[in-house]
1. Which number in (1) at pLDDT 80 or above; (2) under 30 Å from A:Phe297 (Cβ atoms); (3) open to solvent by 20 Å² or more (accessible area, probe 1.4 Å) marks the one condition that A:Asp262 misses?
2. Tell me the residue from A:Val260, A:Val307, A:Val329 that is more than 14 Å from every other protein chain (Cβ to nearest Cβ) and hydrophobic (A, V, I, L, M, F, W, C), please.
3. Find all pairs meeting these conditions: Cβ atoms under 6 angstrom apart; at least six residues apart or on different chains; first residue within the range D:293-309 and within 11 Å of chain A (Cβ to nearest Cβ) and under 23 Å from A:Asn520 (Cα atoms); second residue among the aromatic types (Phe, Trp, Tyr) and not in a helix (DSSP H, G or I).
4. Report, by residue number, each residue of the range D:274-299 that is under 12 Å from A:Arg368 (Cβ atoms) and of a type in the set (Ser, Thr, Tyr).
5. In a loop (DSSP other than H, G, I, E, B) and either modelled with pLDDT under 85 or in the same structural domain as A:Val272 (by TED's automatic domain parsing) (or both): which single residue out of A:Val432, A:Val444, A:Val472, A:Val465 fits that description?
6. Being open to solvent by 90 Å² or more (accessible area, probe 1.4 Å) and either modelled with pLDDT under 80 or out of contact with any strand residue (DSSP E or B) (no Cβ under 8 Å at 6 or more places or on another chain) (or both) is the filter here; which residues of the range B:132-152 pass it?
7. Taking the range A:486-515, which residues are within 21 Å of A:Val232 (Cβ to Cβ), touching a Leu at 6+ places or on another chain (Cβ under 7 Å) and surrounded by fewer than 23 Cβ atoms within 10 Å (Cβ to Cβ)?
8. State whether one or more residues within the range A:29-39 are under 15 Å from A:Tyr485 (Cα atoms) and out of contact with any strand residue (DSSP E or B) (no Cβ under 6 Å at 6 or more places or on another chain).
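The values are calculated or read from the model by the stated rules, or taken from the named source; none is laboratory data. Keep in mind the model is a prediction, meaning the values are calculated, not measured. No Cβ is skipped: glycine too gets one built from the backbone with ideal geometry, and neighbour counts run over all protein chains shown. Each accessible area value is taken on the protein alone, full model and side chains, heavy atoms only, with ligands, DNA and RNA left out. Shrake-Rupley method; radii C 1.70, N 1.55, O 1.52, S 1.80 Å.
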Amino acid sequence: MKFSADPNIVDFVKKEIYADGLEYTPLRENRVAIKVKPEELDKLAELFMKKFEARLIHATAVDLEVQGFEVLNIYDFSKVKERLVVILKAKVDKDNPSFPSVAKVTWQATWAEREIKELLGLNPVGIPDPRHQFLPHEWPNAVESGLTGGQYKFESGSQTKEMYLPLKMPIEESYQSLIPIGPYHPGVIEGQIVYVKVEGEQVVAADIKTGFHHRGIMKLIERRGYNKGVFVAERVCGICSAAHGLTYVTCAENLYDAEVPDRAMYIRTLLVELNRMHSHLLWVGVVADVIGWKTGFMLTWGLRERVMDIIEAITGNRVNYGIWRMGGVSRDVSQELAAKARRTVDALKEECGKLLTLVAEHPVVKSRLIGVGPLTKAQAFDGGAVGPVARASNWKIDVRADNPPHAMYDPKVISWEVITDDNCDTYGRTLVRVKELLVSCGIVSQCLDYLAKTTGEVRIKPKTVPAGAEAVGLNEAPRGELAYYMRASEKDSNLPHAIRIRTPSYRNNAIIPLMLVGSNLADVPVVMGSTDQCLACTDRVEIIDEKTGSRKSLTWDMLVNLSRRLSKQ
Amino acid sequence: MSTEIKILKQVLSNYSKPMTLNYPSAVSPDRKYSQIPAGLRGIPERDNDKCIGCRACYFVCSGRATSIYDSDAKRKVEIFLFRCTFCAHCQEACPEEAIKMTDKFEIAVAKREDPSARVVTELDLLKCKICGTPYASKKFVDRAYERLMEKIDQKVKETVSSDFKKVDGYCPDCRRANGVGFDTHTKKHVWLEGA
Amino acid sequence: MGIIDKARIYSPWLYHLHCGGCNGCDIETLAALAPRFDVERFGIQLVPSPRHADILLTTGCVPKQFIPMVKRIYEQVPDPKVVVAVGSCACGGSLFYDDAPENYAILGSPDLLIPVDVYVPGCAPKPEAIINGVVQGILKLAEKASKKE
Amino acid sequence: MIDPIFTIVSLVLIIPIALFLGVIYQYFFRKLSARFQWRVGPMLRMYGDLKPLLGTTRLLQPLYDILKLFGKKTVVPEVSRKKLFVSSPYLSLLFAILAVLFIPFPGMPLLSEAPYSLIIASYLLIASILFTILGPVASGSPWAAIGARREVELFLVSELGFVLSVFSVAIARQTLVIWEISKGEQTLYLALLSVTAGALMLAAMMGKLHIKPFDMPEAEAEIVAGPYTEYSGKLLGTYYLTKVFMLYALVGLFISVFLPPLASSILWLPLYIVAALLILFLLTAVQVLNPRYRIKNAINWYLKVLAILAVVNFVIAVYIWLVL
């Protein structure tokens, strides 16, 4: 199956968006890159969002070494034209690295621009919230802090404007009046701090600090190259590893003129949907656990094991499947296995339906979930919610329908539907996930039917990647839209020059403070859990440039020394 | 209330048939010991006879778990399981099909130095006759010769064979420096390490 | 062997310390608690506070931002204690650890900070492998306790 | 009056008996919830090949947990008020054991013959719970503080139902001596009253024993380990031991007050155990079926549903006492 560009879309871009005198490159898969002046970024953002209801996928920047930086704003136009993605590129000088902030126009760009600011040192002019998000509080200032009570306490003199202050309070005040939930809290396995300000048991303000999982993954992939990089990409997140693997390979395939056999497409779809099933079952279990229903946790995790069995039989591993290759997959699914798995899925579907209606109807579960963590459609749009969180706010976005990552989601090939819900709260999110689980069951059985009947190639050798090619890969991960941006190196055909990952949790975590306000303290873990937050996903960011790297690692050494000193005391 | 009764029914039906496996008990009268599917990617194993030390696994390893240590007359090819991601990429890349993922998965070791945490193959290295630096494993050269002889045209077989004998024992650098050349253009067929 | 030493083997409590891996090992650890593998058969329990734990189960490689927390949590676990490192990341840094040039964000495996007693490689290890590792950890725990007395 | 020597002997005997039964109750509770949750739970009979290492049975699993905790290092946090922090668990245990002495066991009236034993036993149980609150408050951990606060709220509201339901029976039977209640004659009215009051008592017990949906003080995902967050080693073990005695005491009190004459004679022992396990079965069923309430909902439930019912029940009891 080959990908193609729609001529209508080229017309559309030329007529509606493409202003004269700007450089315009159509890319594969209906992606279009437009070069603009940096001053126009915010105006265009306003135009796109108002006129075309475009959605900002990601704002990021690429270091072009001597030539300066390139700021990239990637927009999704799928509501106007099918599968159209526009990449706005603006070159910024090294000497004066500033550009107008898009976060002024739409709040959802805040995290992305904070990331650009803290990691690349660019200056988004007019950004409403300039604090650090992923790096430690005092970076890159000298570490003069002592660690007390899981919170950094600053000595006087080390404070600067950029320093991380929860809710922008003076540090002494915040230390007294905020409850830090994290960095370790049994409600969420991973490390993060959510600062909540409470009156009685009511949350009046909340702020989130992440970055404890910052692993520099994008840099790792840039070093490893295309073929080895897929294994790193899979390990961005162990829960939605199939989505990451698939998006990585589709993005890399978009760089060159790729051809992928049909059977491989079906296997990919099958795995991504199985992955979604296990992830949603896991989520239902975790939420049941968070609201204290151990039985619900056990029952859903028991069912999840059956999904894991199928995955393990197909790929040989339960978590990281390792079968994604550019141009196909590395393992075939035998016909017997497909037929056997089909029977399991049928039984599973019945049990899932039975059990999960019980979960959705349980009176105490309902009383714990209804009205908790409200998020209106307008808030979801401005905050840039994706995936089940957005769909539970009655906003119908689903990459599988709007911007199919590969043709298997075509309604002519496989029948399925997008689930939305108008509850706009945690209960709605539960319902969306539960129903999606059953939809996934349907897709999986259709894929298995195809695999049980046919045989064929599963892998075609990839071609060389042309120098300087660009691509965007999109896919619907269990938690929402997952986006990869890749740019091939000019010098080496094996290495990408830049790779950027925008995970769904990155967006959904950003709006957690919005949802927390007004809720009960007891509901904080539920609200946090309701977005299915995955910090391993969120904190993968890395845009560091080599020049400043040395200074930063020095700071790290100081931090290490400091912590050693502390532990000796 | 009816929902609670439904759930009660569900949990009561669970009572009679727990889904727990008997792991780690090896004696399993009623239920299975563990779930092991056919294609499980467990601990990799290397066939010492088949491995020729060609370094293909080293080049494809994403986690840098495979490493090659050359020390006097021995090449050690090693997979350090503490860094292995069990992705089976090396199994795919191995030209001699020496690496295989087994379905063993129980490895718990107390020390980094534990021998069971490493999959090691030792190979004889060939040393250059002039400068004394090791340049390729003996098996690798032998296998290369064998494959070359299999595939090459019958007409040039003898010349190529004599060529091979001629360069045998010199590292690529010394070969170039000392003017040991080929009589035939065999670069397409013989690929010596570093050449 | 005294009754308390026996009790130590019979009732190991785990504290799960996620250092910063990909979550894969964490869900597998949780899956070991779930019905299929149910470690409560042997009295193993997951406890929410490190103060109650006997076995510290670490997963993932340590990002540099986590260094103070890892040390602190290790110190909070009362003696005798055992550390079980689960997953290739926690054993040797796996994919995320680079020697040259060094990964600026990752310190490496937790054994650079705290003494690790049992390593369970795997990416991610099967829940059975984790149980196997924890059982080895229990034996170590008994050994450690008897040495102290 | 029974032989004083027998009383002394039985007072000594009851403590190991209570410990054993409490442990068995807890084991039963854990095992049953596990089976309801599709899994096996602590094994009654260990796999043959693992017996040398892991023991033949885990019937005493809760006891092993406690014993292990006694073998661990005890950490006393710097920021805590040390005297209160260290003494609370022991005092709590002491009061729980004292309460056990006032609750009859089949064939052993113990101190339950003493006048006002019902009031004394109730007070001792309250005192024991009080010290499970005071210790955590002294620990200085915010999670413990929140947990303790929830515990106080829950304790206050559940105590209302507890006291009203227990004393309604006492009033109807016109005595405050547990032993006399437990061997009292059954009449139709009293039996009916026992059923209603017993149901209320069960609901109140859920709050005291932290059965879901009333386990907010120990809500793992919300407030770490709740009151016990900072406790470790011996002190934690003592608290766990208190829980064992508390479970025994509450179940014993329930049977002797609401199910006479099961606790009155040694002949009833098998039935006593069966009744205890039945009560536990009911509690387990509630536990596995329900998620946790918010503290607000729980207080509402206790005050608006349970308290009103308990008051009505009490009024009926008074009516029975006065009229019938």
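1. Exception for A:Asp262: condition (2).
2. Answer to the check: A:Val260.
3. Filtered contacts from the range D:293-309: D:Ala298/D:Phe214.
4. Within the range D:274-299, D:Tyr293 is the sole residue that qualifies.
5. A:Val465
6. Of everything in the range B:132-152, those that are open to solvent by 90 Å² or more (accessible area, probe 1.4 Å) and either modelled with pLDDT under 80 or out of contact with any strand residue (DSSP E or B) (no Cβ under 8 Å at 6 or more places or on another chain) (or both) turn out to be B:Glu146, B:Glu150, B:Lys151.
7. Hit for the range A:486-515 is A:Ser489, nothing else.
8. yes
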